[in-house]
Amino acid sequence: MGRKDISKDAVPFKKNDPRINRKGRPKLPDLSEAIAKILADEKDGMTALEAILAALRAKAAKGDVRAAQELLDRGFGKSKQVIDHSIEDNNIQEIKVNIKRK
């Protein structure tokens, strides 16, 4: 490990080295803005979002549990999971650790 793993051609950065990316990583396009633009497109008097929701509702009405779950989760938030974290066993043992320093 350490310096042995570095190739012989590698040299450390120096002040004003042209290999340094001063501007940083290029910014990604705003994904939420692009999705909002696509979902706002209108066709046959309905936006894409309304058409998707109507199709999802139709599937849920036919008995598709996954579609119903998706609609309910998005509309009302996911239901909370209840986790029982109580201890039923009264046989709890104490562990002692001694650390000796040299």
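Numerical summary
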{"item": "Of residues in the range 60-82 being surrounded by fewer than 11 Cβ atoms within 10 Å (Cβ to Cβ) and among the polar types (S, T, N, Q), the one nearest to residue 50 (Cα to Cα)", "result": "79"}
{"item": "Total residues in the range 70-102, condition at pLDDT 75 or above and of a type in the set (Asp, Glu)", "result": "4"}
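The values are calculated or read from the model by the stated rules, or taken from the named source; none is laboratory data. What you are looking at is a predicted structure, and each value in this text was computed from that prediction instead of being measured. Cβ: placed from backbone, ideal geometry, glycine included. Neighbour counts: every protein chain shown.
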